[in-house]
1. Ordering Met283, Met132 from largest to smallest accessible area (1.4 angstrom probe), what's the sequence?
2. For segment 264-390, state the semi-axes of the equivalent ellipsoid (square roots of 5 times the eigenvalues of the alpha-carbon gyration tensor), sorted largest first and rounded to whole angstrom.
3. Please report, for the Cα atoms of segment 347-492, the Rg to one decimal and the Dmax as a whole number; what are they, in angstrom?
4. Give me the one-decimal nm value for the distance between modelled label points at Phe448 and Arg435, 7 Å along each residue's Cα-to-Cβ direction.
5. Rounded to the nearest 0.05, what FRET efficiency do Glu146 and Asp323 have when you use their Cβ-Cβ distance and R0 = 45 Å?
6. Dividing the convex hull volume of the alpha carbon atoms of segment 214-253 by its residue count, what do you get in Å³ per residue?
7. Could you rank Phe81, Phe457 by how accessible they are, 1.4 Å probe, largest area first?
8. Residue separation times 0.36 nm, minus the C-alpha to C-alpha distance between Arg339 and Leu72: what's the value?
Amino acid sequence: MNLEGVRGGAGTSGREDSYIGGKWVPSASDDRYEVVDPATEEVLGEVPAGCAEDVDRAVDAAQEAFEEWSTLPAKERAAAFAGLGTLIDDVADELVELIVAEVGVTLAWARDVHVGRLSANIGNLLKLADQMPPPEGIGQSLIVREPAGVVGSISPWNYPFGFFTKVVPALVAGCTVVAKPSEVTPFSVYRLTELVDRLGLPPGVLNVVMGTGENAGDPLARHPGIDVLTFTGSVRTGGQVLSAIAGNITRPILELGGKSAAIVLDGAPFEQAVRGTLWNCYMNNGQVCGAQTRLLVPSSRLDEAAQIAADAASAYIPGPPRDPASTLGPVVNSSQYDRVLGFIRSGIEEGATLVCGGPDRPLGLDRGYFVAPTVFSDVQRDMTIAQQEIFGPVLSILGYDDEDDAVRIANRSQYGLSGAVWASSDDEAVRVARRIRTGQVQINSGVFNGFAPFGGFKKSGFGREGGIYGLLEYSEVKSLQLPAGSPLTISA
Ligand code: NAD
């Protein structure tokens, strides 16, 4: 794709590439890196790698802006973003193109999921201003919530616009933000930041520092001027971020990886459950943190499940994301490609049954990081492909003996982000879902709800995003101890 004219894209100066204090400014460092189209392996552009000095300037700007922004009523803060949805919808086609070029998802997926819901999602986040809890009385105390301070936000590449699910609630809650989006997908975020710039927010309320994890992410996490660090990414980086913030006792919100299980109980609509799980596993080219990548079925029905899954997988057509015939794009980059193929090889070596797909390139695709739609059956609970997050279109089917065994397998994971239970009734599914140690569970054909809290148990992280739960993560609770008989006392 020709990114001429897109900030940072090939053919532009690519110099003024961080947004600090309400202005586009050049990085203080000359280090740069190349951004590559995962479908063609062509270089899309070269952008700054960032540095600690860029972060320092951004945190200074956010601290200065905090004084006034934090005192505004939440509804006034939300109103400052009122025009954003329209600005987004006006350039939706352009945003779709950028997502396809950077992430490699199909045109249809970029249009329907990445961009199509963006303005509505932001609108819903802004409506949270109406749900801010009023002061509460406990005895002679008045309990109020205050903005938590300056928020550092570090986000991944799989849904580049997901950085808004951190930034918007933080801003509505009265915090100011320094965001460091993923270096893998800078162009879409540049474009979105240009739209935010047109809203005329007070300078420094939102700052976006571009750069790599090492050059810009680490200095942001370590910065003593950050009060809350919200991070979405891998468990490995999440651990590094925790170490980095330890010295400052910065409050963390961590949204990390997953290896979620879909349990199909006896009496469930079997074919629908297997097909639904495979679809869920392959979403976004198999690159979703909460994807259901382990399918648990009664051992006696393993072959039947494998056959249905293979049939469903065969309907996926890997190919160039802009070709309307393609239904599965590439994984995001060469290191992710090598990693996914490594996991597929480990499945074969450790003795799982390869039902379809495998480590070979899909036919006719000589360039790009394309992985064949892959299904393994007879996967044993401690195999690598049953334990590690693969982040590619690879489904592992495991057999269980009875309900207790299914729950045991589902919980035998370092992760606890998501999952599903399919049963003959919602009651039965809920009963089993309550036994799974995970942050959200799909009940039969239930769908994702952006107003409900989203987050992890165990190594999937802590803290919640989504709805009012997500917003309140960006506030601190303060108790005001009133004198006896104060007219301000609110009865409990
Ligand atoms: P990643 O951990 O490699 O990078 C995430 C972000 O961290 C990037 O912006 C990166 O530049 C930055 N980073 C890297 N090293 C850093 C360091 N030392 N200090 C500070 N920041 C650093 O993850 P990724 O490959 O971009 O994304 C994929 C991972 O994200 C998967 O594990 C996926 O499950 C997870 N994820 C989780 C959720 C969730 O809500 N739980 C959502 C999406 C993705």
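1. Numbers: Met283 35, Met132 55 Å².
Ranked list, largest accessible area first: Met132, Met283.
2. Details: eigenvalues 114, 59, 31 Å².
Square roots of five times the eigenvalues give 24, 17, 13 Å.
3. 22.3, 80
4. If labels sit at Phe448 and Arg435, their model points lie 2.8 nm apart.
5. Working: r = 52 Å, r/R0 = 1.15.
Working from the Cβ atoms, E equals 0.30.
6. Working: hull volume 2.3 nm³, N = 40.
Spelled out: Cα convex hull of segment 214-253, divided by residues, is 58 Å³.
7. Values: Phe81 0, Phe457 65 Å².
Order by accessible area, largest first: Phe457, Phe81.
8. On the way: separation 267, 0.36 × 267 = 96.12 nm, distance 4.72 nm.
Value of the extension gain: 91.4 nm.
The values are calculated or read from the model by the stated rules, or taken from the named source; none is laboratory data. Since we're looking at a predicted model, the values are computed, not measured. Glycine gets a Cβ as well: all are built from the backbone with ideal geometry, and neighbour counts include every protein chain shown. Heavy atoms of the whole protein, side chains included, go into the accessibility calculation; ligands, DNA and RNA do not. Shrake-Rupley method; radii C 1.70, N 1.55, O 1.52, S 1.80 Å.
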